[in-house]
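What follows is a set of notes on a single structure, which appears directly below.
The values are calculated or read from the model by the stated rules, or taken from the named source; none is laboratory data. Computed from a prediction, not measured in an experiment: that's the story for all the values here. Every residue, glycine among them, receives a Cβ derived from its backbone with ideal geometry; neighbour counts consider all protein chains shown.
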Amino acid sequence: MPVKVADRATAEHATQPERRAGTPPPRWRSRKAKGLAYAAPTAVFVTVFFLLPLLLVGQMSLSDWPLLAGDRGVNAPENYTDITDSSLFWPAIRFTLLYTVIVTVVLLALALLLALLVQESRPGAGFFRTVYFLPGALGLASASLLFWGLYSPTTGPLSRILEGLGLVDDPVSFLGSPTSALWSTVFLIVWKFAGFYMLILLVGLQRIPHEVYEAARMDGASRAQIFRSITLPLLRPSLALCLLLCVTGSLLAFDQFFILTKGGPDNSTVTVVQLIYREAFQRLNLGTAAALSILVLAALLLLNTLQFRGLRRADES
Amino acid sequence: MGSTAGPRGHIRRLVAGAIALLATASLVTACGSDNDGSGGGGGKAAAGGVDDGTKLTMWTRAATRPQSEALVEAYNASHENKIELTVVPTDDYQAKIGAAAGSRDLPDLFASDVVFVPNYTSSGLFADLTDRVDALPFAEHLARSHIKAGTYEDKKYVVPHTLDLSVLFYNKELYRKAKLDPDKPPTTLREWDRQARAVDALGGGVDGTFFGGNCGGCGVFTWWPSVWAAGEDVLNEEGTAANLASSASKKVYDTYRGWVRDDIVAPGAREETGTTWTGIFPKGKVGVMPMPSTTLGLMPKDLDLGVAPIPGPDGGKSTFVGGDAIGISATSESADQAWNFLAWSLDDKAQVDVVAAHKDVVARTDLASNKHSEADPRLVTINELVAEGRTPYAMKFGQTFNDPNGPWLELMRHAVFGDGKTVEKDNDAVTASLAD
């Protein structure tokens, strides 16, 4: 693009040979300057709030850096070799992966179902779209606190409601066992995000031309066939975006577990990011926390690259 | 990049200017925070500090909010200096202090759970108060366990702010219903067990007892006194080794495990992370449980409750002398003014008219009996316990005992919700964390 702009500018310049000294500089230069001026705030922002902190984290990960005492100099590679000393490290990785798989599958399946339900503009569709999307407007921390209150066996109403309806006999312990804590959290996340992913898929669905469906129907394709051979393939870009967001988000899960379970019961729901938090603010060791962060960053970069590559290949085929 | 003249050069100068401005700003802040600490220990100012209308900042944790608020309100009403109090959620307090210490943004005054104080003194977060504290006419009467926790390399850094003792609360009305003598609270763990079971047998939503079963801090606060009451210690003197598999400890775990097994505990104990554990007793459906003394003033007026010391397996009594100690941050530039608040908060008037009037434990042993405690015998019970209680000392306290993913909570849960057979092994893990 810049070549074209420059060409046109040069052409304009050529048609004004009589320009006197002291007149404003050629338009293409001022355009470039404007471009730079527009980009500068973002560039400064990215540098100050992303690049510099990233460098600092890198430096921290190579240093003995207690939270309260500050930098005590380089101790590389101790922080990295110390990571696997924690008995929580491998269980946290295992749990984070398990959680990511469960959430991604459940969330995307439900989001697709909801999108298909409200896809067409019938009376009431707008109402349901809004209802499904509403939980997404809440902050994750607020939503987690809300569910923590609902689940609480001492103050929460949920268990009592279930008892009142006769669905259960004893108080339900939503966060009391490893399995129930995991699924209670998954439920919260699905409730919170299904509407958001539904929205992305809905946009994708509405981009599929009606003619394609009509042609398929003329050819006598069944509903299942249409879904499998038309809807799904044409929806792939939207699904890919959802997948990427969902996997990345789940791998970085923190708020919901921090508020609902604090990694419990019995350390069964400790995620990788919680380990970072624990290193920094419970064990007061910024060095190992930074080393873990760098590791997570590298893993995410790798995963996203692989995902992108996989999706691009799928697109090409 | 091309020539430096023309509009691009202009932009570059602008950017350079902005960067220079930023750099200057950070330099100024750096300089500002560099001339730190020096004001902290100086004994030049009057022993009572300076009251000249300075605005002071102060942080405390939510757990001791009512006490801090009462003191700050009374101080602001009677002084030129004004304190702006910020209350931080208890669970986030350590993280907040740590982050602020890292960026040198600590307030003038900050209180801390007394068990974390050694962490802060050894990291140099507090200003040295030795001369100022020693100059107080009542210095020797200040709660000794708090002063001890705040002494590092023979220098004193904190004074007691709010004392929070673990004591038994029991519901006299439920005791009467269960045909128990409401004037005879348990004096041994065995009696406690019997009484809790008797109340639990009433049924109808009434439970014998309650505890925070997923809360390491709660376990430390409410279980350890029973061990101390038996004359045993839970940590070594330096706080580097645990003795949590002793015979008295095991008797305590066994009793709690029995309550869990036989459903004597109110629902939710297994999940209780410490956020709501003090909210169960005031509902009036629990017979007898350990509670923080600071909640006495917050109990419903119509709840007929008695207070008793936490007993050991075969008698004895003890308490965890917790609560908050407070110091002046090393980076404060208003140390004299901040000391004015601290000195005032410990004098007779503030201790009796604010602290004791609020049914709280006074920070001075010479004021243990005062006009308010005389009117409420429960306060005498609590105040007298200060001398019998302990405050454990360990540098790695938080990450060993308060960390929700730490080794002590594992020990607690294995011992009480499991079969209790891993106590020795778990005790080793606790020691490893303390010595880390």
- Item | Contacts under 9 angstrom Cβ, first residue in segment A:124-146 being assigned by TED's automatic domain parsing to the domain that holds A:I200 and over 17 Å from A:T261 (Cβ atoms), partner among the acidic types (D, E) and in a helix (DSSP H, G or I), 6 or more apart | A:G139/A:D255
- Task: Mind counting the residues in segment A:255-270 that are hydroxyl-bearing (S, T, Y) and either within 8 Å of chain B (Cβ to nearest Cβ) or buried (at least 24 other Cβ atoms within 10 Å of the Cβ) (or both)?
- Result: 2
- How many residues are closer than 19 Å to B:S68 by Cβ and surrounded by fewer than 23 Cβ atoms within 10 Å (Cβ to Cβ) when one looks only at segment B:96-110? 3
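Just the residues that are in a loop (DSSP other than H, G, I, E, B) and modelled with pLDDT of 90 or more, please, taken from segment B:396-436.
Across segment B:396-436, the qualifying residues are B:K396, B:D403, B:P404, B:N405, B:G406, B:F417, B:G418, B:D419, B:K421, B:T422, B:A435.
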- Message: For the structure I just gave you, tell me whether B:V199 is hydrophobic (A, V, I, L, M, F, W, C), assigned by TED's automatic domain parsing to the domain that holds B:V352 and either assigned to a helix (DSSP H, G or I) or at pLDDT 95 or above (or both).
- Response: no
- Restricting segment A:173-191 to residues that are assigned to a helix (DSSP H, G or I) and crowded, with 22+ Cβ neighbours inside 10 Å, the residue that is nearest to the other protein chains (Cβ to nearest Cβ): A:A181
- Item | Single condition A:A111 does not satisfy, out of (1) more than 19 Å from the chain's Cα centre (by Cα); (2) over 18 Å from A:V273 (Cβ atoms); (3) not in a loop (DSSP other than H, G, I, E, B) | (1)
- Message: For segment B:247-273, which positions are of a type in the set (S, T, N, Q) and either within 14 Å of chain A (Cβ to nearest Cβ) or assigned to a loop (DSSP other than H, G, I, E, B) (or both)?
- Response: B:T273
- Item | Candidates A:G195, A:G220, A:G166, filtered to the one that is of a type outside the set (A, V, I, L, M, F, W, C) and touching a Gly at 6+ places or on another chain (Cβ under 8 Å) | A:G195
- Query: If you scan segment B:178-191, which residues turn out to be part of a helix (DSSP H, G or I) and either surrounded by 17 or more Cβ atoms within 10 Å (Cβ to Cβ) or outside the structural domain of B:T255 (by TED's automatic domain parsing) (or both)?
  - Reply: B:L189
- Checklist (1) within 14 Å of another protein chain (Cβ to nearest Cβ); (2) over 26 Å from B:L409 (Cα atoms) applied to B:I326, failing item: (1)
- Which residues, taken from segment A:212-243, are touching a Leu at 6+ places or on another chain (Cβ under 8 Å) and under 30 Å from A:A92 (Cβ atoms)? A:L239, A:A240, A:C242, A:L243
- Item | Flag for A:V247 being β-branched (V, I, T), out of contact with any His (no Cβ under 7 Å at 6 or more places or on another chain) and away from chain B (no Cβ under 14 Å) | yes
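Rundown of residues vs (1) touching a Gly at 6+ places or on another chain (Cβ under 7 Å); (2) surrounded by 24 or more Cβ atoms within 10 Å (Cβ to Cβ); (3) among the acidic types (D, E); (4) touching a residue at least 40 places away in the same chain (Cβ under 8 Å), yes/no style:
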{"residue": "B:A127", "(1), (2), (3), (4)": "yes, yes, no, yes"}
{"residue": "B:D131", "(1), (2), (3), (4)": "yes, no, yes, yes"}
{"residue": "B:L142", "(1), (2), (3), (4)": "no, no, no, yes"}
{"residue": "B:K148", "(1), (2), (3), (4)": "no, no, no, yes"}
{"residue": "B:A198", "(1), (2), (3), (4)": "no, no, no, yes"}
- Sole residue being buried (at least 22 other Cβ atoms within 10 Å of the Cβ) and under 30 Å from B:D200 (Cβ atoms), chosen from B:G306, B:G327, B:G287: B:G287
- Search segment B:371-390 for residues being buried (at least 21 other Cβ atoms within 10 Å of the Cβ) and in a loop (DSSP other than H, G, I, E, B), and hand back the single one that is farthest from the other protein chains (Cβ to nearest Cβ). B:V386
- Pairing a residue in segment A:102-118 that is without any contact (Cβ under 8 Å) to a residue 12 or more places away in the chain with any residue that is of a type in the set (S, T, Y) and buried (at least 21 other Cβ atoms within 10 Å of the Cβ), where Cβ atoms lie under 9 Å and the two sit 6 or more apart in sequence or on different chains, gives A:L117/A:Y132
- Query: Counting just the residues of segment B:202-230 that are assigned to a loop (DSSP other than H, G, I, E, B) and among the aromatic types (F, W, Y), which one comes out nearest to the chain's Cα centre (by Cα)?
  - Reply: B:F211
- Task: Could you figure out which of (1) more than 14 Å from chain A (Cβ to nearest Cβ); (2) within 28 Å of B:P300 (Cα to Cα) isn't true of B:K283?
- Result: (1)
- Message: Can you go through B:W339, B:W277 and tell me which one is assigned by TED's automatic domain parsing to the domain that holds B:P89, under 23 Å from the mean Cα position of the chain (by Cα) and not aliphatic (A, V, I, L, M)?
- Response: B:W339
- helices (runs of 4 or more DSSP H) contained entirely in segment B:84-177, each with at least 3 residues that are touching a helix residue (DSSP H, G or I) at 6+ places or on another chain (Cβ under 9 Å) and of a type outside the set (V, I, T): B:93-102, B:117-122, B:144-149, B:172-177
- Message: Contact list please: Cβ distance under 7 Å, first residue in segment B:405-420 and within 19 Å of B:D91 (Cα to Cα), second residue among the acidic types (D, E) and assigned to a helix (DSSP H, G or I), pairs at least six apart or on different chains.
- Response: B:P407/B:D426; B:E410/B:D426
- Query: Just wondering, is there one or more residues in segment A:48-63 that are loosely packed, with under 12 Cβ neighbours inside 10 Å, within 13 Å of chain B (Cβ to nearest Cβ) and in contact with a strand residue (DSSP E or B) (Cβ under 9 Å, 6 or more places away or on another chain)?
  - Reply: no
- Message: Any residue at all in segment A:281-296 that's among the small types (G, A, S) and at the interface with another protein chain (Cβ under 10 Å from one of its Cβ atoms)?
- Response: no
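What do you reckon, is B:A229 within 14 Å of another protein chain (Cβ to nearest Cβ) and in contact with a strand residue (DSSP E or B) (Cβ under 6 Å, 6 or more places away or on another chain)?
Here the answer is no, as B:A229 does not meet what is asked.
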- Query: Mind checking which residues of segment B:126-166 are among the hydroxyl-bearing types (S, T, Y) and under 16 Å from the mean Cα position of the chain (by Cα)?
  - Reply: B:S145, B:T162, B:S166
